[in-house]
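The values are calculated or read from the model by the stated rules, or taken from the named source; none is laboratory data. Everything quoted here is computed from the prediction, not taken from an experiment. No Cβ is skipped: glycine too gets one built from the backbone with ideal geometry, and neighbour counts run over all protein chains shown. All accessible areas refer to the heavy atoms of the entire protein, side chains included, with ligands and DNA or RNA removed. Shrake-Rupley method; radii C 1.70, N 1.55, O 1.52, S 1.80 Å.
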Amino acid sequence: DTGVSQDPRHKITKRGQNVTFRCDPISEHNRLYWYRQTLGQGPEFLTYFQNEAQLEKSRLLSDRFSAERPKGSFSTLEIQRTEQGDSAMYLCASSLTGRVNSPLHFGNGTRLTVT
Amino acid sequence: DAKTTQPPSMDCAEGRAANLPCNHSTISGNEYVYWYRQIHSQGPQYIIHGLKNNETNEMASLIITEDRKSSTLILPHATLRDTAVYYCIVRVDSEGGGSNYKLTFGKGTLLTVNP
């Protein structure tokens with residue numbers, strides 16, 4: 001499977017704990033996006049990387065959230081001091097520059113449950 | 001990005017064509033119409049996109065009205081596996097600003113294909 005891979009698929013944690021998710025984009029894709037999706041809603045944009053540079057962050061990305069893409073390949077999203085409101089599906093997507101109209105390709109997400 | 005309006009739900013009989021409407025009356029001249037779908041517990045899947053001409057691929061056809069204020073996604077022979085939430089999104093496509101590549105999702109249309 002050469003699609004976008006996310007790990008883990010499911011994570012249950014207690015309030016106040018830190019969690020980290022990983023995303024492996026399609027290998028030649030240099031743009032990487034994180035989205036969050038709550039029940040009954042469409043995905044909401046969190047942040048975006050081009051190579052290793054984080055170029056945009058949504059206001060949804062509070063200071064408890066941090067995303068990295070250190071070598072321009074895989075990315076991690078960390079949530080510190082989790083709250084129940086952080087329970088959601090976290091989606092990663094990637095796309096390719098230099099190609100007009102390159103669509104975003106999404107992974108199957110990490111479902112976070114904060115108890 | 002321009003907002004879109006979609007019906008919250010639709011039903012379709014298996015084997016029949018599914019026609020999913022989308023209104024985007026404030027679309028700008030350089031904004032494309034994209035369609036994605038999301039099957040339960042999976043990430044969004046790219047279907048098709050277009051600017052002003054009708055488009056067809058192996059998954060679907062996209063019909064855009066001449067004034068570009070609305071479009072219809074057509075699944076010619078719907079199957080049970082096409083049951084999903086379908087998102088219509090408009091966005092600028094540019095090689096300039098990376099943030100133009102992000103997608104802004106609404107709530108979409110839940111298409112239920114019935115046997």
(request) Please specify each residue of the stretch A:19-40 satisfying the condition of being within 21 Å of B:Tyr46 (Cβ to Cβ) and open to solvent by 70 Å² or more (accessible area, probe 1.4 Å). (result) A:Ser27, A:Glu28
(request) For residues that are within 14 Å of chain A (Cβ to nearest Cβ) and surrounded by 13 or more Cβ atoms within 10 Å (Cβ to Cβ), tally how many sit in the stretch B:4-48. (result) 19
(request) Check off (1) open to solvent by 20 Å² or more (accessible area, probe 1.4 Å); (2) modelled with pLDDT of 90 or more; (3) under 12 Å from the mean Cα position of the chain (by Cα) for A:Gln84 and give me the number that stays unchecked. (result) (3)
(request) Determine which single condition A:Lys11 fails, assuming it passes every other condition in (1) basic (Lys, Arg); (2) more than 11 Å from chain B (Cβ to nearest Cβ); (3) in contact with a Gly (Cβ under 7 Å, 6 or more places away or on another chain). (result) (3)
(message) Return the residues of the stretch B:49-71 that are part of a strand (DSSP E or B), open to solvent by less than 30 Å² (accessible area, probe 1.4 Å) and not small (Gly, Ala, Ser); say none if nothing qualifies.
(response) B:Leu62, B:Ile64
(message) Looking at A:Thr115, A:Thr110, can you tell me which residue is closer than 24 Å to A:Arg64 by Cβ, open to solvent by 60 Å² or more (accessible area, probe 1.4 Å) and at pLDDT 95 or above?
(response) A:Thr115
(request) From the list A:Leu55, A:Leu46, pick out the single residue that is in contact with a Phe, Trp or Tyr (Cβ under 7 Å, 6 or more places away or on another chain) and open to solvent by 10 Å² or more (accessible area, probe 1.4 Å). (result) A:Leu55
